[in-house]
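Here's the structure we're looking at; comments come further down.
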Ligand code: HEM
Ligand code: MTE
């Protein structure tokens, strides 16, 4: 005759540490999994991402939990039920331009809520070669537009003597469909490490402003050709405008050189699918540009208009942002016109496991991370050091296909190494080499810049060794 205990969502959400107990929910059931955390086959840190809330959004990503033995195991930890009256409808503040933004995955580490900017935690980032859509990093400058796929039109301004196009989604599907795996990285990835050298302006991205997806859509070169465009001798740029805009009506915009847009080998896409699904709203539904090997800022989402111009886009984000400068340049002396816009990115790598400050077992340590380079340059090697860069070992790269000059996607890597006897701490470092033998700089200070972009120094993680 024991009655079921009832808990509110607030009570559950206050149980997120070993001291208070670690609670989670599944459906309407509440579980105290404090004792299980260290036994979790996927690692304690992954389980902790769900602490204080529902398991569903996490388990939806990892189907291994979809087995009866996992459910039975969880059942042992049941302590009660959720209060059924707790499902209060969220109130909508209509004057808020962000009120209509989509619902996001709770694993994302939010750097700014409005506009929404968030990255997956490191231990999930390299769990899969292809980043699941719900945890793909998101970089928005404005509210997310809510576009109707039935009335959506993409305007392509025609060439002189050619014709302008107004393409529906069906029209776009009628072009030959291409599917390619591409890593997208924001110019501000790892900015937080530049901030440690000296203050910069920008969001505090850690190592997660990078993700990989299979993108499908029409090739930009095929669509431009139908509008009468061809490669020309004089310099020209393809300008993209998004359908997201600020209160003054200014839309997000960016451009790439026409030569890249028209090159079939560059594989620039007008993408309508991400990992086999229609694009999620945060990632540009219904159509975005994907420019393989090029900085994220040019992959314009919610694409509305494409035109060919003699000059780069006049957008703020093309001309007054996303450029690199000398460490000596500050906000009083910066001349944005003096530097080219970032297009291809330099070689990059980072450690995702272990985390900085973590305690690792003595004996053997497993180090994981990612490596990527811009312009289709393949990563050919990742070097890892356990002693701050005095001695190095070569990591094992994943075996995913790398096409010559079209290595658009990252490589995940791993190193299993014995922990030198008697070590109390390790200074783990990684650095990648691309097929142009480009390397990463060893420290941040010489590449510091006022906007905190292009942060690709050796990545360093300091850990303690369990006695
Ligand atoms: C694996 C239970 C929460 C990620 C497993 C397995 C069990 C389990 C029993 C092994 C399944 C098998 O191999 O047959 C649980 C329970 C959880 C929980 C009871 C909550 C109380 C989470 C969360 C995440 C996660 C929140 C992700 C954020 C994973 C991953 C694996 C795994 C990635 C696979 C590990 C590998 O094979 O390398 N979990 N899990 N789990 N879990 Fe969980
Ligand atoms: N496109 C539009 N229309 N609006 C934006 O704010 N952000 C850009 C780019 N395209 C942006 C955009 C930037 S800076 C990056 S890094 C990528 O989108 C991020 O893409 P994601 O959110 O799909 O990861």
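Rule-based calculations on the coordinates, nothing more; no lab input. This one's a predicted model, so the numbers in the text were calculated from it and none came from an experiment. Positions of Cβ are backbone-derived with ideal geometry, glycine not excepted, and every protein chain shown enters the neighbour counts.
Rounded to the nearest 500, the 222 nm mean residue ellipticity of the chain from helices alone is -2500 deg cm²/dmol, with -39,500 (n - 2.57) taken per DSSP H run of at least 4 residues.
Using a ≥ b ≥ c from the Cα gyration tensor of the range 352-467 (square roots of the eigenvalues), is it rounded, prolate or oblate, where a/c under 1.5 gives rounded and otherwise the larger of a/b and b/c decides, a/b for prolate? Note, shape of the range 352-467 comes out oblate. The range 12-81 and the range 173-241 have Cα centres spaced 37 Å apart.
Strictly greater than 21 Å: what percent of every Cα pair in the range 176-265 meets that? Value for the range 176-265 (Cα pairs over 21 Å): 56 percent. Using the alpha carbons alone, the radius of gyration of the range 320-416 stands to its Kirkwood radius in an Rg to Rh ratio of 1.10.
When each of 460, 377 is scored by the number of other beta-carbon atoms lying within 10 Å, the sequence from fewest to most is 460, 377.
Within 10 Å, count the other beta carbons around each residue, average over each peptide in 368-376, 276-284, 426-434, and list them highest first.
In descending order of packing, they fall as 368-376, 426-434, 276-284.
Ordered by the count of other Cβ atoms within 10 Å of each Cβ, fewest first, 178, 129 give 129, 178. Each Cα pair under 8 Å and six or more residues apart adds its sequence gap; the mean of these over the residue count of the range 252-357 is a relative contact order of 26 percent.
The order of 325, 58, going from fewest to most other C-beta atoms within 10 Å of their C-beta, is 325, 58. Evaluated on the range 237-298, the Kirkwood hydrodynamic radius is 12.7 Å, with distances taken between all distinct Cα atoms.
Here the chain is treated as an ellipsoid with the same Cα gyration tensor; its semi-axes, largest first and in whole Å, are 39, 30, 21. With kT/(6 pi eta Rh) evaluated at 20 °C and eta = 1.002 mPa s, and Rh the Kirkwood radius from Cα pairs, the range 199-330 diffuses with a coefficient of 135 µm²/s according to Stokes-Einstein.
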